[in-house]
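Written below as structure tokens is the structure these notes are about.
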Protein chains: 2
Amino acid sequence: MKTLHDRLKTTLGSGVDAIDTPALVVDLDAMQRNLNRMAEFARKHGVRWRPHAKMHKSSVLARLQVQAGACGVCVQKTAEAEALAAGGVQDIYISNEVIAPAKLARVAALAHQLAAVGGQLAIAVDSEEGVRRLAEAMNAQRAAGAAAAVIDVFVEIDVGQGRCGVPPGTPAVALVHAIRRHAALRFAGLQAYHGRAQHLRGARERRDAVAAVVRAVQASCAAIEAEGVTVPLVTGAGTGTLVCEAASGVFGELQPGSFLFMDVDYARNERDAAQPAFEHALFVRTQVISVSADHAVCDAGHKSHAIDSGLPLVHAVGGEPASLEFANGGDEHGLLRGARLPALGDCLWLVPGHCDPTVNLHDHLIGVAGGLAKGRIQRIIRVDARGALG
Amino acid sequence: MKTLHDRLKTTLGSGVDAIDTPALVVDLDAMQRNLNRMAEFARKHGVRWRPHAKMHKSSVLARLQVQAGACGVCVQKTAEAEALAAGGVQDIYISNEVIAPAKLARVAALAHQLAAVGGQLAIAVDSEEGVRRLAEAMNAQRAAGAAAAVIDVFVEIDVGQGRCGVPPGTPAVALVHAIRRHAALRFAGLQAYHGRAQHLRGARERRDAVAAVVRAVQASCAAIEAEGVTVPLVTGAGTGTLVCEAASGVFGELQPGSFLFMDVDYARNERDAAQPAFEHALFVRTQVISVSADHAVCDAGHKSHAIDSGLPLVHAVGGEPASLEFANGGDEHGLLRGARLPALGDCLWLVPGHCDPTVNLHDHLIGVAGGLAKGRIQRIIRVDARGALG
């Protein structure tokens, strides 16, 4: 039997009607415009950008971002880093804590593998135990004969997210000292990401939240620098707040993920005047499989699109008003209601509520060039870190 | 680089500490008890059971169910049917509508492929257009030289779910006649599933809902039989209501999926006295990667477990009270709060809120025998229809 990838490749060059539903489709032109907007924004503000690949989980898209000027990518998981490295990505930052010795052995192996090709691995820590275990894993690699590599280590500060990270101010100091005691570890700076601030709806609310982030970062930098240690870089920010971090004078690197595809949730944010006009580039194509008197049913449920940040919206292609309302029909179905129902067999486009976990449901992205209405299938993009949880 | 499957296989025979987190783990003993309970229940009530493989998406588990007495399995998607057939499952019912001609060509090809090995494919319809297209696809296979196969066709009745299906009563008649006009299609009976009724909390509420289902089915049967056509089988039911359908005298086949693993959502149902005592058999193993003054953070977020039916619960292994509260920490993190926080590096077991979409996030299930506390990794089960959306 043909693999799914083989079957998808036979559709290259065809129109969108050749897409088997449900499928995750990227409007390649819109994606490229988002990429250009991000590159231009970072250039204008003199900051580096290291997009978060937890969103797209694709080495092809990570390399596209690096070609467009990104300094590398972030990931959240060791297995994501491994998958992207296998796909040719060389500068990767695991912006998260790793504690299991078996996983740290993989982190250390990857650090050496990337160093051998001129690349670089980085990771975040928020505990002395984490630093100690990381150093042990790096030293074990060296003891096993690997050419000495160094891993960049960021100290994570809890700047309001209430998740990982040490409190702002002096707690970071002990970690910085701990890192600097190990030749295989290099203190690379501070990880300061406020995830919840990304989704505050008002532009003013987000600015206030990031002002507090900046104060927390400054307190941590001051405590570290009082010990005579320079903080090389502060990294953080997401699609929702990046205009604030970029203008802060404190952040040297931005980590947005969703800007590339956008989603319904981010589109609900009041747009900051300085925000680049990112547009929707990710869609679920779905087909109507049943029609009754008062509703239609399509073949996309929450195994096709994540619903943690709300349901998808029906996207109007070609400018007509989107008059259909999408309701949850379970794992495999969507319910459509509206004044004019679609016909049996009609296909629709949905904009997912949250792009990251939606992409994680799909093995491939179907790249369409020339617009959704009349475009052609131009490339099949593997989501090669899909399901890379560990 | 080793594949994930290779890496997992090296852990066979090890204790649970060898499980890389986050991972989806099956308590094989609990699963087997659930399987035995279901087989015994069906035997006692003289009904067939055709478990829904949309839940586990695994050909290994489908074959295990058939060995335990199931007459075959249900799926929702053509691609699921293909994946399970490739894994050796021979009796498959696509309990859903398929409309796309390209997909119906695959359905017809699969029907012939299964018939060639003595198996059988079935499908649901709810429109004359759907019947016409299905017949066309089957006839095209025959015209292409395939040995004549027959596909079983169920007419779906909307018995309260408000999704697919024709209204109860006479509307089914036209579909039955349409099916019977085609030599390659065999009218197999009625599909009558009320998904929402599964999750009504009160046992009485569920009984009332299924009483209405039974009336709807009887009206449809009466209308069909008034035309001199026998209804060979009524199929439906889920884990929440199966005691009602089994006792109805109308349903000849039950389609439960979740009974095999159970989840937090089904455990919230008031148990009907007649309900087999299904127990939790599916768990996310997760590790604490960060600890602060008032909470701990584990490495399982909603890329590891679906949250459409609520958050997972922390499972007490070994009888101690489950005192930790799990809160949503985003795509990759869980937040743990409680009087006594776990230590950095500790591992915990979570019971997922909803098993179906949780399994769909994982490529493998780690099968543990001998209990979660002190058991051994006994088998690695591929989720071979994971992501089979089309």
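Determine whether A:ASP158 is within 12 Å of another protein chain (Cβ to nearest Cβ), in contact with an Asp or Glu (Cβ under 6 Å, 6 or more places away or on another chain) and acidic (Asp, Glu). Let's see the steps before the verdict.
Details: within 12 Å of another protein chain (Cβ to nearest Cβ): yes; in contact with an Asp or Glu (Cβ under 6 Å, 6 or more places away or on another chain): no; acidic (Asp, Glu): yes.
For A:ASP158, the condition - within 12 Å of another protein chain (Cβ to nearest Cβ), in contact with an Asp or Glu (Cβ under 6 Å, 6 or more places away or on another chain) and acidic (Asp, Glu) - is not met.
Every residue in the stretch A:83-94 that is out of contact with any Gly (no Cβ under 9 Å at 6 or more places or on another chain) and within 27 Å of B:LEU348 (Cα to Cα), please. Lay out the reasoning, then the answer.
Kept after step one, since they are out of contact with any Gly (no Cβ under 9 Å at 6 or more places or on another chain), are these residues of the stretch A:83-94: A:83-84, A:86-88, A:94.
Listed by number, the residues that qualify are A:ALA83, A:ILE94.
I need every pair where a residue in the stretch A:301-313 that is within 17 Å of A:ASN269 (Cβ to Cβ) and within 8 Å of chain B (Cβ to nearest Cβ) has its Cβ under 9 Å from the Cβ of a residue that is of a type outside the set (D, E, K, R) and not in a loop (DSSP other than H, G, I, E, B), sequence separation at least 6 or different chains.
Short answer, once both residue conditions are applied: A:ASP308/A:PRO357; A:ASP308/B:ASN328.
Just one of A:ALA246, A:ALA219 is assigned to a helix (DSSP H, G or I), touching a Pro at 6+ places or on another chain (Cβ under 7 Å) and touching a residue at least 12 places away in the same chain (Cβ under 8 Å); which is it?
Working: A:ALA246 fails: touching a Pro at 6+ places or on another chain (Cβ under 7 Å).
Sole residue among the options that is assigned to a helix (DSSP H, G or I), touching a Pro at 6+ places or on another chain (Cβ under 7 Å) and touching a residue at least 12 places away in the same chain (Cβ under 8 Å): A:ALA219.
Have a look at A:ALA192, A:ALA197, A:ALA178, A:ALA188 and point out the one that is of a type outside the set (Val, Ile, Thr) and either within 14 Å of another protein chain (Cβ to nearest Cβ) or surrounded by fewer than 22 Cβ atoms within 10 Å (Cβ to Cβ) (or both). Before the answer, list the steps.
Details: A:ALA192 fails: either within 14 Å of another protein chain (Cβ to nearest Cβ) or surrounded by fewer than 22 Cβ atoms within 10 Å (Cβ to Cβ) (or both); A:ALA178 fails: either within 14 Å of another protein chain (Cβ to nearest Cβ) or surrounded by fewer than 22 Cβ atoms within 10 Å (Cβ to Cβ) (or both); A:ALA188 fails: either within 14 Å of another protein chain (Cβ to nearest Cβ) or surrounded by fewer than 22 Cβ atoms within 10 Å (Cβ to Cβ) (or both).
The unique qualifying residue is A:ALA197.
Can you work out which of the residues in the stretch A:223-243 that are in contact (Cβ under 8 Å) with a residue 24 or more places away in the chain, assigned to a helix (DSSP H, G or I) and out of contact with any Asp or Glu (no Cβ under 8 Å at 6 or more places or on another chain) is nearest to A:LEU175 (Cα to Cα)?
Among them, the one singled out is A:ILE224.
Checking A:PRO312 against (1) over 23 Å from the mean Cα position of the chain (by Cα); (2) surrounded by 20 or more Cβ atoms within 10 Å (Cβ to Cβ); (3) closer than 18 Å to A:LEU24 by Cα: exactly one of these is not met. Which one?
With respect to (1) over 23 Å from the mean Cα position of the chain (by Cα); (2) surrounded by 20 or more Cβ atoms within 10 Å (Cβ to Cβ); (3) closer than 18 Å to A:LEU24 by Cα, A:PRO312 is out only on (1).
So for the stretch B:325-335 (the condition being buried (at least 18 other Cβ atoms within 10 Å of the Cβ), away from chain A (no Cβ under 12 Å) and within 26 Å of A:GLN161 (Cβ to Cβ)), does at least one residue qualify? Give the steps one after another, and end with the answer.
Kept after step one, since they are buried (at least 18 other Cβ atoms within 10 Å of the Cβ), are these residues of the stretch B:325-335: B:326, B:329-335.
Filter once more, so that each one left must be away from chain A (no Cβ under 12 Å): B:326.
Narrowing further to those that are within 26 Å of A:GLN161 (Cβ to Cβ): B:326.
Looking for residues that are buried (at least 18 other Cβ atoms within 10 Å of the Cβ), away from chain A (no Cβ under 12 Å) and within 26 Å of A:GLN161 (Cβ to Cβ), one finds at least one in the stretch B:325-335, hence yes.
Each row is one residue, and each column tells you yes or no for (1) of a type in the set (D, E, K, R); (2) touching a Lys or Arg at 6+ places or on another chain (Cβ under 8 Å).
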{"residue": "B:THR21", "(1), (2)": "no, yes"}
{"residue": "B:ASP27", "(1), (2)": "yes, no"}
{"residue": "B:TRP49", "(1), (2)": "no, no"}
{"residue": "B:VAL66", "(1), (2)": "no, no"}
{"residue": "B:GLN76", "(1), (2)": "no, yes"}
{"residue": "B:ALA81", "(1), (2)": "no, no"}
{"residue": "B:ALA86", "(1), (2)": "no, no"}
{"residue": "B:VAL89", "(1), (2)": "no, yes"}
{"residue": "B:ILE92", "(1), (2)": "no, no"}
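Conditions tested, residue by residue: (1) out of contact with any strand residue (DSSP E or B) (no Cβ under 7 Å at 6 or more places or on another chain); (2) surrounded by fewer than 21 Cβ atoms within 10 Å (Cβ to Cβ); (3) away from chain B (no Cβ under 12 Å).
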{"site": "A:GLY118", "(1), (2), (3)": "yes, yes, yes"}
{"site": "A:ALA122", "(1), (2), (3)": "no, no, yes"}
{"site": "A:VAL125", "(1), (2), (3)": "no, no, no"}
{"site": "A:GLU136", "(1), (2), (3)": "yes, yes, yes"}
{"site": "A:ALA140", "(1), (2), (3)": "yes, yes, yes"}
{"site": "A:ALA148", "(1), (2), (3)": "yes, yes, yes"}
{"site": "A:GLY165", "(1), (2), (3)": "no, no, no"}
{"site": "A:PRO171", "(1), (2), (3)": "yes, yes, no"}
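Of the residues that sit in the stretch A:336-355 and are over 19 Å from A:ILE19 (Cβ atoms), part of a loop (DSSP other than H, G, I, E, B) and within 14 Å of chain B (Cβ to nearest Cβ), which one is nearest to the chain's Cα centre (by Cα)?
Let us first name the residues in the stretch A:336-355 that are over 19 Å from A:ILE19 (Cβ atoms), namely A:337-341, A:353-354.
Going one step further and asking which of them are part of a loop (DSSP other than H, G, I, E, B), we end up with A:338-341, A:353-354.
Applying the additional criterion that residues be within 14 Å of chain B (Cβ to nearest Cβ) yields A:341, A:353-354.
Working: A:LEU341: 35, A:GLY353: 15, A:HIS354: 11 Å.
Applying the filter and picking the extreme gives A:HIS354.
Would you list the helices (runs of 4 or more DSSP H) that sit entirely within the stretch B:1-110 and hold 1 or more residues that are surrounded by fewer than 22 Cβ atoms within 10 Å (Cβ to Cβ) and within 13 Å of chain A (Cβ to nearest Cβ)?
Details: elements: B:4-9, B:28-45, B:59-67, B:78-86.
Hits in the stretch B:1-110: B:4-9, B:78-86.
Every number in this text was worked out from the coordinates using simple rules, so none of it is lab data. What you see is a predicted model; the values in this text were computed from it and never measured. Positions of Cβ are generated from backbone atoms using ideal geometry, with glycine treated the same way; all protein chains shown enter the neighbour counts.
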